[in-house]
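**Student:** Sending over a structure as structure tokens; questions will come in a sec.
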Amino acid sequence: MGLFLILSGASTLYFLWDLYDFQKRVRLLRQRLDQKKEIDNNTKILWSIPFIVLLLIYQTALGIGFALSLVILYYFEKENKKTIYVKTVENELPHFLRLMAVTIGAGLSTNTALEEIVNRMNKGPLNTELLQVVQEIRLGISRKEALKNWSKRMQSEQVAFLVQSWIQSEELGTKPGEVLNFLADQLHDRKVRQVETEAMQAGVKITLPLAFLIFPAVIIVIFGPIIVGGI
């Protein structure tokens, strides 16, 4: 009986020790698995850091670019209005010159024809500029100086070409009607060439925002979920 109790106790102790050893092995195995999992997670995180940094840099650059674009748009707003104003004048010049040629051909002097056309023109940028030319002539300023003042105000290549050619033709004694019709044709041809040039340059201007704004966004949209999903 005593031997049985001793053997039973020894068996129980051995079982308990074996159970304890098993639990210890299980804990060690879990720790190793947890460590391996943590290492894998850390590795994935390390691999994802460059992408995250790139994304942050892109978002920051995009925000700065957007802010700068607002500042630039605000800064150049007045300049843009001036450009539209000048282009409107340039577009109306050929029609004005042909009217001048017809009116002078009807027997009116240059100053009288200019004043008559200005009074009949629709209100607009060209009417405003020519009205100032007429007013300066009324104040005693020569037509040559009044036209030069107009060219200085406009800062336009076409207006400068018109004024210079007009003044030279008067100094040479050329018939004003023929000169004005010739200038109208020249300005019309210049306008057509300018439109063609701007159309050719439009593709180049579009390429820059495509390269710096749209393409990076497309790359992030395509590869972003793949990288983030692997974390």
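**Student:** How big is the charge dipole of segment 77-204 about its Cα centre, in debye rounded to the nearest 20, if each Lys and Arg gets +1 on its Cβ and each Asp and Glu gets -1 on its Cβ?
**Tutor:** 280 debye
**Student:** Now for a different question. How much length, in nm to one decimal, is gained on full extension between N119 and K81, taken as 0.36 nm per residue of separation minus their Cα-Cα distance?
**Tutor:** Taking 0.36 nm per residue and subtracting the Cα distance, the gain is 11.2 nm.
**Student:** Can you compute the modelled spin-label distance between F182 and I64, with each label point 7 Å from Cα toward Cβ, in nm?
**Tutor:** A separation of 5.7 nm, rounded to one decimal place.
**Student:** Continuing with this model, one more query. What ranking do 111-123, 87-99 get when scored by the average of other Cβ atoms within 10 Å per residue, highest first?
**Tutor:** 87-99, 111-123
Each value in this text was obtained by applying a stated rule to the coordinates, not by laboratory testing. Because the structure is predicted, anything quoted here is derived from the model rather than measured. Cβ atoms come from the backbone with ideal geometry, glycine included; neighbour counts cover every protein chain shown.
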